[in-house]
Every structure is written in C-alpha cells, then in structure tokens.
Amino acid sequence: FLSLVGGSHAFVIGGKSAAGHLYPRNSHKPWHQHSARSSVSSTLQLHMMAASSSSSNIRLVTNTQCPFAQKAWIALRVKQVELEIDEISLYGPNGKPDWFWNLNPQGTVPVLVVSSSSYHDKKTIVVTDSDDILNELDDIVGNTNGQNNILLYPSDIAVEEIETWRQERINQKLLPLGQQAVLAHQLTPPLQSVLQEMDRAVVGPFLLGSHVTAADCHAFPFVWRLQQEFDLTPYPQLHAWLQTCGELPAFAKTIQTSWWWWW
Ligand SMILES: N[C@@H](CCC(=O)N[C@@H](CS)C(=O)NCC(=O)O)C(=O)O
C-alpha cells in the first residue's frame, strides 16, 4: 500500500509485497500518485514499523548548500545516525531527477527516507520537511537503533522551551527579519531586537543548557548565515553559542564554503 499520513509531510510505503527498489530511477509515475490519504497517525505507523523491523537504512536526500537541509543533517549527526547521503542538484540543466519528484512532489530538500525490513515486512517512511524531520527523529531513531539514542527533545527540558526557539524566535521572527536585513545590507532595528531577545534567552553553553537539543540544530544554520553577513559580537551569548556549536563535529562537518540563504 501507499499512504500519505495526514497532518505532517510524512508517508509510509510498505507491505508484504513491496520489494526491490522503491524508487527506481527510470520510474515516470506522475507525482499525484502520492495523493492517496490515510487517517492512520504517523506515530502508529512508526510503531508498526518498529514492531516488525530487523534491519533499517536511513538516507538523507539533500543539497548541502541548503539551510533547511543543514538543520536536518545536524540533527542526524547529533543523534549519531548511520546515514547515507544522497546529494542532488536542484537547479539548472542537471536539476531534479524524476525519482526525486516521485519521492517529494513539492520538489524540496531535505527528504529523509527510512527503510526497514524483516522476513515478514518491508516499510519505508518518507519525511519531506525539515521541521517534521526534527519533530520525528527521536521516534524514528529510537525505533531503529535502540542504544545510543541522544534525544533532541530530552525529558528534562520542556517542549515549549524548545518550540519557543524553533517556531517563535527562528521561524516567525529571525527568518523574515533576517531576509529583510540581508537584502537591505544593514542590521535593521527589528533584527537587532530579535538578536537581543535571543542573546538574553541563551542559557549556555547551548541554547537551553548543557546539552544540544532540537533548538540548537534548528537555529544554527540560520544564525550562522547571518554571522557571515553581520557582526554578531554585540550579542555575546549568541556569539559564544555559535562558536561552541561550530567546534562540535556534528555541526562543523555541515558547514560549507558555498551555501544558500533561505529564500
Ligand atoms: N519547508 C521546507 C523548505 C525546504 C526548502 O525550501 N529547500 C530549498 C533549498 S534551500 C529547495 O529544496 N528548493 C527547491 C525548490 O524550491 O525548487 C523544509 O523546511 O524542508
């Protein structure tokens, strides 16, 4: 069967008869064949997968210049996931291949593909949005790799605190105000006040204390890019946080010499 899970950009392909390559490169199926909807929740689907899995494979379809893809890549590296990276070009004559349109009809990276198989079953979970990847990664990796499960949402930190960083400070404020400021070539007063708010909110050494959480993975690609354009030393806590993350292998490996903004 093939189902698109309502509510998040994730769907599951699987069932006893699914075998071989799920996304053959010569497939020319129109993208709308992914439109069948299911009311089965993604959590249930993940549990179904966990119950039957005996081996799994995690693949990130990405472009390393993209900040959203970097966010997912950092999270996967923080969680020490054994990962296959499939980099595709998005634009120009070598642009998106057909198999990629089949995988994600929206045509955006990153896409996380988690395949698991056992004697009885074969399932693939596809997550097509970086926010959903961060939201679901603790469940996905917890189910495929029981040990060593470093949590992006640790139990001693309130989910709301992580979400305030992710949704309010980064997605709602920093992204639009950062774009305006970069295009205007100046650190505008509205961006300055968000950076001040963020600076005061840093617990240190990481955004919410002694461990990396989903907040750090999410914020880093965007704040790092702003630092390439503007002097962020007037925001000492934020500046120190960038430095700390940049020295960790999980983050450092994802920093590229050539990169894209987020618009
Ligand atoms: N909401 C998506 C946005 C991802 C996104 O915009 N990716 C850009 C590259 S940075 C992309 O794939 N663009 C290709 C296109 O729009 O054709 C996410 O967070 O995953």
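Just so it is clear, none of the values below were taken in a lab; they were calculated from the coordinates. Note that the structure is predicted; figures quoted are calculated from it, not measured. We place every Cβ from the backbone using ideal geometry, glycine too, and count neighbours over all the protein chains shown.
Of note:
- Amide H to amide H, with H built 1.01 Å from N, G209 comes under 5 Å of V203, G204, counting only residues 5 or more places away or on other chains.
- Inter-label distance, nm, simple model (7 Å from Cα along the C-beta direction), L183/Q80: 4.4 nm
- Computed 3J(HN,Hα) for the range 175-186, one whole-Hz value per residue from the Karplus formula 6.51 cos²θ - 1.76 cosθ + 1.60 where θ = phi - 60°, is 5, x, 6, x, 4, 4, 5, 5, 5, 8, 6, 8, glycine and proline marked x.
- Each Lys or Arg adds one and each Asp or Glu subtracts one; over the other residues with Cβ under 15 Å from the Cβ of L83, this totals +1.
- Relative frequency of Cα-Cα separations exceeding 17 Å in the range 132-263, percent: 59 percent
- Annotation: extensible slack from S210 through N149 equals 20.3 nm (criterion: 0.36 nm per residue apart, minus Cα-Cα distance).
- Cβ crowding within 10 Å, taken as a proxy for footprinting-reagent exposure, orders W224, W263 from fewest neighbours to most as W263, W224.
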